[in-house]
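The values are calculated or read from the model by the stated rules, or taken from the named source; none is laboratory data. None of these values were measured; they are calculated from a predicted model. Don't worry about glycine lacking a Cβ; one is built from the backbone with ideal geometry, like all the others, and counts go over all protein chains shown. When the accessible area is computed, the model is the full protein with side chains, heavy atoms only, and any ligands, DNA or RNA have been set aside. Shrake-Rupley method; radii C 1.70, N 1.55, O 1.52, S 1.80 Å.
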Amino acid sequence: MEPPSGTALTVIMVCLTVATGMLDAVSFLALGQVFTATQTGNLLFLGFGIAGQGGLSVLATVVSLGAFALGAAFGARMESTLAARRHRWFPVALALEAALLVAAAAAAWDAGPVRGLPPGRRFLVIGLMAVAMGMRNVTAMRAAVPDFTTTVETRAMTALVSGSPLGRDRRLGYGSHAAGRRLFSVTAMFAGGLLGAGLLGLGTRPMLLILLVAVVIAATAFLVPGLARDTAQGR
């Protein structure tokens, strides 16, 4: 009933981290200087906006923070209930995340490569994406893959440097095999942001990018049960 383990789960988490980078590229570059996954940035943006600095939208930030919290609360209740009833909570959570992103893509249908949505629909797209990312955080925390939150990389970056020959901290992994996993995590986020920004720079509509991410996550949800069976049979 749990997600697959080992290499299969690491690959899944890498893909989800890339997807996060792409989604935050869309939200920040095409929806107006707001994140839908990296809520640490939004907390700072909210403070900047309230102070009247940087031209940041307080309302957009509040919408994202509130929707993210709603997604996290819903995801926690849903996934814990499914797990208690011995249902497959991991693929179900990914499938629902994909459905929310499809809804966000539909709401962003008329958006061009730059900010072109009326405020109401823009906030709807932000909200749907943030709900999906709130659920994702719960999913990643329940999967508990070290260094793979899929939405925040500060901890993984710190561990990567501290456990490297530069930091030489054995408590943080120096001398272990954790460096490769941490490097994959950090690189995946960078690659997702680069890919998302690059595609937007080429004129790709935000709707298409959100839809692409939704398809990848839906495909992952479809593959997870088979991967979990293979992992269980290999033990």
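In terms of accessible area, using a 1.4 Å probe and ignoring ligands and nucleic acids, R122, R171, R77, R142 rank largest first as R171, R77, R142, R122. Stretched out straight at 0.36 nm per residue, the stretch from R121 to V11 would grow longer than its current Cα-Cα span by 36.2 nm. Evaluated at q = 0.07, 0.08, 0.13 Å⁻¹, a Debye calculation over the C-alpha positions of the chain (equal weights, vacuum) places log10 I(q)/I(0) at -0.23, -0.30, -0.78.
For the chain, what is the charge dipole size about the Cα centre, in debye to the nearest 20, if Lys and Arg each add +1 at the Cβ and Asp and Glu each add -1 at the Cβ? All intermediate terms of the calculation are to be shown ahead of the outcome.
Working: 18 positive and 9 negative charges, 85 e Å.
So the dipole magnitude of the chain works out to roughly 400 debye.
Between the helical axis of 206-233 and the longest alpha-carbon principal axis of the chain there is an angle of about 20 degrees.
Compared with the dominant Cα axis of the chain, that is its longest principal axis, helix 178-201 is turned about 30°. Listed values for the stretch 164-172 are Karplus-derived 3J(HN,Hα) couplings in whole Hz (6.51 cos²θ - 1.76 cosθ + 1.60, θ = phi - 60°), namely 8, x, 6, x, 6, 9, 5, 5, 9, and x replaces Gly and Pro. From the Kirkwood radius over Cα pairs of the stretch 1-85, Stokes-Einstein at 4 °C and 1.567 mPa s returns a whole-number translational diffusion coefficient of 88 µm²/s. Near L172: Cβ cut-off under 12 Å, other residues only, Lys/Arg at +1 and Asp/Glu at -1. The net charge is +3. Over all orientations, the stretch 54-145 has a Cα convex hull whose mean projected area works out to 7.0 square nanometres.
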